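What follows is a set of notes on a single structure, which appears directly below.
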Amino acid sequence: MKKISTTQLSKRLGLSTKAAFAKLVEEGFIEKVDEAWKLTDAGQENGGEYRESSQHGKYIVWPEEWAEEQASEEPKESEGKNLLTATGIGKFFELSPKKTNYILSELGWLKKGELKGWLLTEQGQTHGGVQAEDQRSGVPFVRWPESITEIKSLVETVAQVKGQASEKRKSEASADDGFREKFEAKHRTTDGHFVRSKAEMLIDNWLYMAEIVHAYERKLPIEESVYSDFYIPTGKVYIEYWGFENNPKYLDRKKKKIELYEKYGFNLIQLEDKDVQNLDDILPRLLLKYGVQAY
């Protein structure tokens, strides 16, 4: 019986190699263990085997006839071809379904349902997401095309969550970073962050004293290399402090960043000098709009 590699299998299925691996994970035929792909019992029962190559090392092959059957059983586009659940995506990235949905939510591709489950957003639709519902419980969830595993913003966010981000901040070329590099982060906040201005220090200290978990200079989960001043996971809120209002380059940078926030539909709070002088009155009200309460 002729055997073919997963790469060859992907061509039979009309998928990229990465998407084919995601599909095999979703179907329960393979799993990732210690950064290596392993056959499951189901994979072995369907004829999957290991082969050795001096060039590629250990890899998995599949019966050609079984591959043809898989290709012929693929549903039509209108029936939701090649769609993955959060479980399949999570298995591919070695994450739990809960954490996978959280990441997709942070990206702005889905949001929590009023009672349970997850609802697709407009941003999610642009990436091929399809709203679905559990037939037994009625809980809504979202299915995604296998190609989602190749989208840069998702891959980067997963790497950050897993502590595997390889790109260093200083090596990223962007107008946002170029401007910020001119201002050293030398103001130490109460919680130990080093920020770039006294105003940012006051904002950071306020968030800390209000017991609101936050990150400083969090990269936006988008293709563009842009960083927010502050990010609050609860409510998925970004905070930008705008200074240097008389600097043309700064104003141009500000305009472009606001356009990106609007483009991707992120929750944004904008603060100016007059707001920083009155944070106790301003921030609680603005945060409450996104469900964030200050204690």
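For the reader, a short list of remarks on this structure follows.
- Flag if I30 is among the β-branched types (V, I, T), more than 28 Å from E133 (Cα to Cα), at pLDDT 80 or above and not assigned by TED's automatic domain parsing to the domain that holds G124: no
A quick yes/no check of all residues on (1) in contact (Cβ under 8 Å) with a residue 40 or more places away in the chain; (2) among the charged types (D, E, K, R):
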residue: V195; (1), (2): no, no
residue: Y208; (1), (2): no, no
residue: E223; (1), (2): yes, yes
residue: V226; (1), (2): yes, no
residue: D229; (1), (2): no, yes
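- Failed criterion for W37 (all others in (1) in a helix (DSSP H, G or I); (2) surrounded by 14 or more Cβ atoms within 10 Å (Cβ to Cβ); (3) free of Cβ contacts under 8 Å to residues at least 40 places away in the same chain hold): (1)
- Looking across the range 72-118 at every residue that is crowded, with 16+ Cβ neighbours inside 10 Å, of a type in the set (A, V, I, L, M, F, W, C) and not in a helix (DSSP H, G or I), the one that is modelled with the lowest pLDDT is identified as L83.
Matching residues to (1) touching a strand residue (DSSP E or B) at 6+ places or on another chain (Cβ under 9 Å); (2) outside the structural domain of M201 (by TED's automatic domain parsing); (3) hydroxyl-bearing (S, T, Y); (4) at pLDDT 95 or above:
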position	(1), (2), (3), (4)
K219	yes, no, no, no
I222	no, no, no, no
V226	yes, no, no, no
T234	no, no, yes, no
E240	yes, no, no, yes
K249	no, no, no, no
K256	no, no, no, no
E262	yes, no, no, no
N278	no, no, no, no
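- Once the range 237-260 is narrowed to residues that are free of Cβ contacts under 8 Å to residues at least 24 places away in the same chain and of a type outside the set (A, V, I, L, M), the residue that is surrounded by the most Cβ atoms within 10 Å (Cβ to Cβ) is K254.
- Check on L268, assigned to a strand (DSSP E or B), surrounded by 14 or more Cβ atoms within 10 Å (Cβ to Cβ) and not assigned by TED's automatic domain parsing to the domain that holds E122: yes
- Residue match in the range 27-40 (condition: under 18 Å from E65 (Cα atoms) and of a type in the set (V, I, T)): no
- If the condition is being out of contact with any Asp or Glu (no Cβ under 9 Å at 6 or more places or on another chain), hydrophobic (A, V, I, L, M, F, W, C) and not in a strand (DSSP E or B), then the range 119-156 contributes I148, L154, V155.
The values are calculated or read from the model by the stated rules, or taken from the named source; none is laboratory data. Given the structure is predicted, the values throughout are model-derived calculations rather than measurements. Note that each Cβ is placed from the backbone with ideal geometry, even for glycine, and that neighbours are counted across all protein chains shown.
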